[in-house]
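Following: one structure in structure tokens, then a few remarks.
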Amino acid sequence: MYPPGYTHQPAQPTWQQPQQSKPKLPGITKDFMMTLIWISLSLFVAFCGGLHMHIHAYRYDLTCDMTKCVYRSSDKPPADFPRSDLLGATVVPAARGTGHTLKVRYNSPAGSRFKVEKHLMFTPHGLREGESVLYNDDVAKYVTKTTDSLHINSSHSYTALGAACMLFGLGSAGMCVVLGTWSNENAHRAKKMH
């Protein structure tokens, strides 16, 4: 018997259900991580080499016939002008690199009474001396109407630094594929334990 006013409370169990531990992700070995870093850096160097060649690539083209001249460039706005506005050319030192380049002079704008002399530069990295002199002679012959056609073309699609970076990066990535550690030993151990 319980005294008046006493409320019976059932006893709480002292044991608790054991909590299940959460499965842990298998660890990554140091060799596997170094292989991923190696191939990532190699591909990044190759990408930078290709980007360097793309940025420093250029193309300049001047084509003239009996009536007009058309100038096209990979990094400058195009220019079209009549043959009579072409004044001549001058061999000048290159802005970058070694050698000389060609500066073609012409009047602009076409069809206007008041014209301003402008110039077109070919290859900032420099032409071979014989090449620049030959182009200069071709312009002089066209201006003096010794010939009725003129074509000057200069292009460069690769750089030594960019090619070296691409070669080194791709070669290093190839070696990484062959010699790198691609199997995660910790993951294999975890699977065997389960």
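Rule-based calculations on the coordinates, nothing more; no lab input. These figures come from a predicted structure and were not determined experimentally. Counting neighbours? That spans all protein chains shown, and the Cβs are built from the backbone with ideal geometry, glycine included.
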Cα-projected label distance for Arg105 with His156, points at 7 Å along beta-carbon direction, nm: 2.5 nm
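Pop the C-beta distance of Asp31 and Ser149 into the FRET formula with R0 = 45 Å and round what comes out to the nearest 0.05. Could the numbers behind the result be given before it?
Details: r = 65 Å, r/R0 = 1.45.
Efficiency, rounded to the nearest 0.05: 0.10.
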Roughly what would the spin-label model give for Lys141 and His56, points 7 Å off Cα along C-beta, in nm? 3.4 nm
For segment 147-161, Karplus couplings with θ = phi - 60° (6.51, -1.76, 1.60), whole Hz, Gly/Pro x: 9, 9, 9, 8, 9, 10, 9, 9, 9, 8, 10, 8, 10, 5, 5
